[in-house]
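Working notes, structure below.
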Amino acid sequence: MDNPQQPPARERTFTWQSTASSVEQLPNMSGLEFLHAIIAGDLPQPPMAYALNFYLAEAEPGKAVFIGEPGEFHYNPLGVVHGGFASTLLDSAMACACHTTLPQGIGFTTLELKINLVRAITVATGTLRAEGEALHTGKRVLTAAGKLIDADGKLYAHGTTTCLAFPLA
C-alpha cells in the first residue's frame, strides 16, 4: 500500500541465468580461464551482478575490472548511492584479481575487506570502473588493492582485501 504522503513507488525488473553450469565448471578451470569464460558469455555473470547493475569486463593475470552503472535504486535515504554499491564493485574486482592467479581446482573466499569512500556517487556520476590488482598471491593467503573511478579517472573509492585460497574438491 502506497503512503499518500510519498511519491508513487518505482519498479525495477531484471532477469538472470542460473549459475549451476559455473559451479560445475569451476573445479575444471584455472581462475583466469573461469573469468574469461564469464566475459566471453560461455558462463553467466553472477545473479548479483544483474541485481546491482554491474558486470565483469576484463581479466588478466593479477588484474580484474568490473563496470557498474549507479542508479536511483542504489540510493540511500540521503539521496546518494549507498556505500555498499562501491564496496561490492571493489570487493568483486579485488577478489577476482586474486582469482586470476589461482590454478585449476583451487577456489577462494574474501576474508577481509577495507573500503575508503572518498566522494559521493549519484546517478549523475555515470559509469564507474572498479579496477583490482593482486598484491600478494601465496598458496593460502592472497591480497589485492583496488580503486573505483569514473570515466575521467576521478577517484570515488579505494580499498584492500585479503582472500583465502582452498581446494575445491
Q) In degrees from 0 to 90, rounded to the nearest 10, what is the angle of the helix 31-40 Cα long axis to the longest principal axis of the chain? A) 50
Q: List the longest stretch of the chain that has no exposed loop site; here a site is one of the trypsin sites (Lys or Arg not before Pro) assigned by DSSP to anything other than H, G, I, E or B, with at most 10 other Cβ within 10 Å.
A: 13-138
Q) Given Cα pairs under 8 Å that are at least 6 residues apart, what percent is the relative contact order of the chain? A) 22
Q) Does segment 1-138 classify as rounded, prolate or oblate by the C-alpha gyration tensor (a ≥ b ≥ c root eigenvalues; a/c under 1.5 gives rounded; else a/b over b/c gives prolate, otherwise oblate)? A) prolate
Q: Can you find, among GLY132, GLN45, GLN104, the residue farthest towards the positive end of the dipole of the chain? Put +1 on the C-beta of Lys and Arg, -1 on that of Asp and Glu.
A: GLY132
Q. Per-residue ellipticity at 222 nm for the chain, helices alone: DSSP H runs ≥ 4 residues times -39500 (n - 2.57), over residue total, nearest 500 deg cm²/dmol?
A. -6500 deg cm²/dmol
**Q.** Distance in nm between pseudo-label sites at ALA20 and LEU155 (7 Å out along the Cβ direction from Cα)
**A.** 4.5
Q. If one computes the Cα centroid of segment 119-157 and of segment 17-86, what distance in Å separates the two points?
A. 13
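Any read-out appearing in this document is the output of simple, stated calculations on the displayed coordinates, not a laboratory observation. Because the structure is predicted, anything quoted here is derived from the model rather than measured. Please note: Cβ atoms are built from the backbone with ideal geometry, for glycine as well, and neighbour counts cover all protein chains shown.
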